[in-house]
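Trainee: Encoded as structure tokens, here's the structure I'll be asking about.
The values are calculated or read from the model by the stated rules, or taken from the named source; none is laboratory data. Quantities reported herein were computed from a predicted structural model and do not represent experimental measurements. Glycine also receives a Cβ, built like all others from the backbone with ideal geometry; neighbour counts cover every protein chain displayed.
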Amino acid sequence: AEKTSDAEKMYTYKGVLYPRLMCPEENLKAVEIMEAREDDVMLVAYPKCGFNWMVGVLRKIMVEAGEQKSESKTPPLIEFFGPDNLKAVNEAPSPRFLGTHLHPDNIPASFYEKKTKMLVIFRNPKDTLVSYYHFYNNNPVLPSGQSFDSYFSQFMSGDVGWGSYFDHAVGWDKKMDDPNVMIVTYEDLKQNLTEGVRQISTFFGFNLTEDQIQQISGQSTFNAMKQSSADTHGHLGNIFFRKGVVGDWKNNFTPEQSREMDEVFNKRLAGTRLGAKLNY
Ligand code: A3P
């Protein structure tokens with residue numbers, strides 16, 4: 001990663017930016033024809049909305065439910081696998097745990113055909129932007145060294161990895177009635193993680209005792225996950241568990257930037273059901 005210049009780190013596939021080192025074009029092509037299964041456990045999130053938090057929760061749920069022996073450390077993102085690893089994934093026993101940052105319209109068709117259950121986590125776009133800004137500057141596979149102001153402009157125009165937050169949100173709003181889709185928010189989970197764990201395990205059909213639910217939520221707090229991040233995510237683990245709070249945007253946004261985002265939010269999401277759910 002050190003040898004790749006910032007300019008070479010991102011590339012465009014079908015109009016959307018992706019980090020070349022993690023998901024080159026051959027990965028995105030391979031994923032398009034991937035075969036889903038009805039009993040896959042699928043996690044979806046726009047980057048920095050709390051994906052890794054839910055990875056921890058779902059892996060613990062699957063271990064407690066007796067569906068998996070131990071928590072795997074391989075990132076579950078289907079667009080990271082590449083053609084060779086996808087072959088292994090095709091042969092893995094059910095239920096498989098998979099994830100993606102892809103826009104709902106770019107998730108392989110097979111997932112919709114098989115009616116695979118999908119958990120989608122969303123987060124207030126202002127905190128998502130701040131989290132993504134820090135991630136760009138700390139993750140060697142992403143361009144770094146930008147000012148907050150220039151990153152703000154890129155995020156607002158969708159010129160960041162996996163595209164525009166607002167395009168993703170508008171896409172998921174259209175699927176609010178899909179019984180195979182469960183949308184949760186970062187903010188609601190911060191407020192009541194135990195209730196979230198209970199609802200998520202019920203949605204996927206895993207029966208857990210109250211003790212198991214309490215145990216999983218206790219092990220999935222920000223501090224608990226940050227402490228085990230070197231074990232779960234390797235030497236760069238700490239960059240996935242930065243601050244873990246609601247409202248950090250207030251320390252970063254100027255009043256003008258806040259107004260600019262409010263305008264876009266109002267234009268694209270106000271009056272939508274997902275918009276109402278977003279704690280904006
Ligand atoms: P911050 O950068 O605001 O701290 P993703 O996993 O989608 O990349 O999202 C990363 C964000 O989720 C980071 O936000 C990270 O700190 C936060 N996060 C990770 N685990 C968490 C947890 N258990 N509880 C709350 N937030 C968590």
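Trainee: What number of residues within region 130-144 are touching a strand residue (DSSP E or B) at 6+ places or on another chain (Cβ under 8 Å) and within 11 Å of the ligand (Cβ to nearest atom)?
Mentor: Going through region 130-144 one residue at a time, the tally reaches 0.
Trainee: Given the residues P179, P143, which is the only one that is without any contact (Cβ under 8 Å) to a residue 24 or more places away in the chain and either within 30 Å of G271 (Cβ to Cβ) or outside any helix (DSSP H, G or I) (or both)?
Mentor: The unique qualifying residue is P179.
Trainee: Can you tell me which residue among D149, D167, D127 is of a type in the set (D, E), more than 13 Å from the ligand (Cβ to nearest atom) and under 24 Å from V181 (Cβ atoms)?
Mentor: Testing whether each residue is of a type in the set (D, E), more than 13 Å from the ligand (Cβ to nearest atom) and under 24 Å from V181 (Cβ atoms) leaves just D167.
Quick grid of which residues meet (1) of a type outside the set (V, I, T); (2) touching a strand residue (DSSP E or B) at 6+ places or on another chain (Cβ under 9 Å); (3) assigned to a loop (DSSP other than H, G, I, E, B):
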| position | (1), (2), (3) |
| --- | --- |
| I183 | no, yes, no |
| L189 | yes, yes, no |
| G196 | yes, yes, no |
| Q212 | yes, no, no |
| Q215 | yes, no, no |
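Trainee: Residues that are within 17 Å of the chain's Cα centre (by Cα), within 15 Å of the ligand (Cβ to nearest atom), at pLDDT 95 or above and more than 20 Å from V120 (Cα to Cα): does region 240-255 have at least one?
Mentor: Yes, region 240-255 has at least one match.
Trainee: Would you check which residues across region 116-140 are touching an Asp or Glu at 6+ places or on another chain (Cβ under 6 Å) and assigned to a loop (DSSP other than H, G, I, E, B) and list them?
Mentor: Passing the criteria: only T116.
Trainee: Within region 54-84, which residues are part of a helix (DSSP H, G or I), away from the ligand (no atom under 13 Å from the Cβ) and among the aliphatic types (A, V, I, L, M)?
Mentor: Residues satisfying the conditions are I61, M62, V63, I78.
Trainee: Any idea which residue in region 96-115 is farthest from the chain's Cα centre (by Cα), counting only those that are in a loop (DSSP other than H, G, I, E, B) and either within 16 Å of the ligand (Cβ to nearest atom) or surrounded by fewer than 21 Cβ atoms within 10 Å (Cβ to Cβ) (or both)?
Mentor: K114
Trainee: Then there is this: Note down all Cβ pairs under 7 Å where the first residue falls in region 82-110 and is at pLDDT 95 or above, the second is among the basic types (K, R), and they're at least six residues apart or on different chains.
Mentor: V89/R96; S94/R37; R96/R37; F97/R59; P104/K175
Trainee: Right, next: Would you mind stating whether K226 is within 11 Å of the ligand (Cβ to nearest atom), in a helix (DSSP H, G or I) and at pLDDT 95 or above?
Mentor: Yes; evaluated as a whole, the condition is true for this residue.
Trainee: For region 218-243, what are the residues that are small (G, A, S) and in contact (Cβ under 8 Å) with a residue 60 or more places away in the chain?
Mentor: Correct list: S220, G234.
Trainee: Let me ask you something else. Inspect all residues belonging to region 148-161 and state whether any of them is part of a loop (DSSP other than H, G, I, E, B) and closer than 17 Å to L43 by Cβ.
Mentor: no
Trainee: So, one more: Please list, ordered by first then second residue, the pairs with beta carbon atoms under 8 Å, 6 or more apart or interchain, first in region 158-172 and over 13 Å from P104 (Cβ atoms) and among the small types (G, A, S), second in a helix (DSSP H, G or I) and modelled with pLDDT of 95 or more.
Mentor: G158/Y165; G158/F166; G158/D167
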